[in-house]
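Asks: Below you will find the structure I want to go over with you.
The values are calculated or read from the model by the stated rules, or taken from the named source; none is laboratory data. Quantities reported herein were computed from a predicted structural model and do not represent experimental measurements. For neighbour counting, all protein chains shown are included, and Cβ atoms are generated from backbone atoms with ideal geometry for every residue, glycine included.
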Amino acid sequence: MLREKMDVLLRLTTVIQIAVFISHAIPVSPALAESPSPPTFVGSQACEGCHQDEYKSFATYAKKSRSFQSIEKLKESLTPEEIDTCYSCHTTGYGQPGGFVDPERTPHLKNAGCEVCHGPGATHVTTQKPGDIKRNLTKKDCEKCHISERVKAFRYKPLVHGGAH
């Protein structure tokens with residue numbers, strides 16, 4: 001009974017911390033504040049509170065949880081334009097509202113995290129409703145980044161059925 005209460009308290013605390021983080025970390029112009037806002041990315045650590053086993057497995061075994069290291073390794077030999085093309089697959093939400101901007105301003109999104117596959121998670125983290133996050137992924141979801149040329153180059157094997165976590 002005490003364990004259950006502690007789990008609920010931990011989840012509630014995590015949701016509150018994420019809400020405070022979102023409200024302070026992402027600058028919003030007055031015009032955007034008045035209109036319906038697009039879904040917001042919160043980073044994989046926001047998922048950990050409720051999905052401990054999946055998060056631990058993802059962080060331990062999924063290469064994409066460390067995908068920004070690939071950019072760091074090659075950065076010296078790439079132009080800024082080439083690096084920008086890497087961001088779309090090696091970070092979370094690059095080029096999308098509330099997504100990765102750069103390692104200094106959005107360090108929590110600098111790897112390809114949970115939201116690359118499941119979509120922006122702010123609403124789901126707040127409501128905890130399963131319908132507020134993408135579930136039941138297919139191979140097609142992977143093909144945003146894993147196009148045929150990359151599949152050959154990186155010996156990619158889809159982990160859709162294994163859940164990638």
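Asks: Is it the case that region 82-92 has a residue that's aromatic (Phe, Trp, Tyr), assigned to a helix (DSSP H, G or I), in contact with a Phe, Trp or Tyr (Cβ under 8 Å, 6 or more places away or on another chain) and under 18 Å from residue 41 (Cβ atoms)?
Replies: yes
Asks: Can you tell me which of 89, 145, 117 is touching a Leu at 6+ places or on another chain (Cβ under 9 Å) and either closer than 25 Å to residue 38 by Cα or modelled with pLDDT under 90 (or both)?
Replies: 117 is the lone residue from the list that is touching a Leu at 6+ places or on another chain (Cβ under 9 Å) and either closer than 25 Å to residue 38 by Cα or modelled with pLDDT under 90 (or both).
Asks: Looking at this structure, is residue 79 of a type in the set (S, T, N, Q) and either touching a strand residue (DSSP E or B) at 6+ places or on another chain (Cβ under 9 Å) or within 22 Å of residue 131 (Cα to Cα) (or both)?
Replies: no
Asks: Only one of 160, 151 is modelled with pLDDT under 90, touching a Leu at 6+ places or on another chain (Cβ under 9 Å) and either in a helix (DSSP H, G or I) or β-branched (Val, Ile, Thr) (or both); which?
Replies: It is 160.
Asks: Please find, within region 112-123, the residue that is nearest to residue 87 (Cα to Cα) out of those that are buried (at least 24 other Cβ atoms within 10 Å of the Cβ) and in contact with a His (Cβ under 9 Å, 6 or more places away or on another chain).
Replies: 112
Asks: Is it the case that region 86-104 has a residue that's surrounded by fewer than 22 Cβ atoms within 10 Å (Cβ to Cβ), among the charged types (D, E, K, R) and more than 23 Å from residue 57 (Cα to Cα)?
Replies: Yes, region 86-104 contains a residue that is surrounded by fewer than 22 Cβ atoms within 10 Å (Cβ to Cβ), among the charged types (D, E, K, R) and more than 23 Å from residue 57 (Cα to Cα).
Asks: Return the only residue of 113, 131, 99 being out of contact with any Ser or Thr (no Cβ under 6 Å at 6 or more places or on another chain) and touching a residue at least 24 places away in the same chain (Cβ under 8 Å).
Replies: 99
Asks: Moving on. Of the conditions (1) modelled with pLDDT of 90 or more; (2) buried (at least 17 other Cβ atoms within 10 Å of the Cβ), residue 62 clears all except one; give me its number.
Replies: Checking residue 62 against (1) modelled with pLDDT of 90 or more; (2) buried (at least 17 other Cβ atoms within 10 Å of the Cβ), the one that fails is (1).
Asks: Of all residues being in a helix (DSSP H, G or I) and among the hydroxyl-bearing types (Ser, Thr, Tyr) in region 44-59, which is surrounded by the fewest Cβ atoms within 10 Å (Cβ to Cβ)? Just the residue, please.
Replies: By that ranking, first place goes to 57.
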